[in-house]
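Engineer: Structure provided below as structure tokens; questions to follow.
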């Protein structure tokens, strides 16, 4: 039997990177997948890929920084598939690169709105729906920078630390309702935000040296951990933070 057979899963930021890899893997493992993203073209391509492989999926455009969009995303999921079993709050941005004293107020607000408040809005509307369903699994995408600092990224780091704290508190709140809530902390992953074209070879080489494996991760390697946490195999796991970081934090 497939690991997510008869499960309904929502994944935000699923048009590319970790979100896309997760959507494809979840569908392969039997889930009905709601692909959500602000990029309609990318999101629909993922849906088409799932359907062409024999899976079931729909696309819902949603801005994770909008409470209303998060509420609508859950409502449209239930309307389409009747329930919600799994949610991956993955949508995020790198944010403004600056020292704290030089960071713009707008830059700070934007990264907090998307990377932290967006996760809160997700949990706010996902958890009660899962309670109605008798339980479920919420997975919040934090970062290795939810456990460590990084110069010129104070907004991003603060948001990701907040995601870990939110996850731990919400896990206690919903444990008796059988809603498991965990966080995953990817290391630097070769994707849309982190690649040679966007950053340059020198910066990429530096990031690779920060990982014990001497390389960046892949979206598929993160998706594998998310599959475990989404599955019934993680039935005794809640309130935890799982780094998938190639040894970045092993210092």
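Engineer: Using the Cα atoms of the stretch 102-251, I'd like the radius of gyration and the largest Cα-Cα distance, Dmax, both in angstrom.
Structural biologist: Every Cα atom of the stretch 102-251 included, Rg and Dmax give 16.3, 50 Å.
Engineer: With label points built 7 Å along Cα→Cβ from the Cα atoms of residue 48 and residue 178, find their separation and express it in nm.
Structural biologist: Rounded to a tenth, the inter-label distance reads 4.0 nm.
Engineer: Can I ask one more? Can you list the residues of the stretch 228-245 with backbone N under 16 Å from a point 7 Å past the Cα of residue 168, pointing along Cα to Cβ?
Structural biologist: Residues passing the 16 Å test: 238-243.
Engineer: Against the longest principal axis of the chain, how steep is helix 219-230, in degrees 0 to 90 to the nearest 10, with axes from Cα atoms?
Structural biologist: Long axis of 219-230 versus the principal axis of the chain: about 40 degrees.
Engineer: To the nearest 0.05, what FRET efficiency results for residue 71 and residue 193 with a Förster distance of 30 Å applied to their C-beta separation?
Structural biologist: E between residue 71 and residue 193, to the nearest 0.05, is 0.65.
Engineer: Only Cα pairs under 8 Å and at least 6 apart count here; give the relative contact order of the stretch 8-243 as a rounded whole percent.
Structural biologist: Value for the stretch 8-243: 20 percent.
Engineer: Only one of the values (i) 36, 27, 18; (ii) 27, 20, 18; (iii) 26, 23, 17 was calculated from this structure for semi-axes √(5λ) of the Cα gyration tensor in Å; name its label.
Structural biologist: Among (i) 36, 27, 18; (ii) 27, 20, 18; (iii) 26, 23, 17, the one derived from this structure is (ii).
Engineer: Given only helices, namely DSSP H runs of n ≥ 4 each adding -39500 (n - 2.57), what is the per-residue ellipticity at 222 nm of the chain, to the nearest 500 deg cm²/dmol?
Structural biologist: Counting only the DSSP helices, I get -13500 deg cm²/dmol.
Engineer: Which FRET efficiency, nearest 0.05, do residue 202 and residue 240 yield, Cβ-Cβ r, R0 41 Å?
Structural biologist: The computed FRET efficiency comes out at 0.70.
Engineer: Let me ask something else about it. So how far, in whole Å, is the C-alpha centre of the stretch 45-67 from the one of the stretch 134-162?
Structural biologist: The stretch 45-67 and the stretch 134-162 have Cα centres separated by 24 Å.
All of the numbers you see were taken from the coordinates with simple rules; none came from a lab. Just so you know, these numbers come straight off a predicted model, no measurement behind them. No Cβ is skipped: glycine too gets one built from the backbone with ideal geometry, and neighbour counts run over all protein chains shown.
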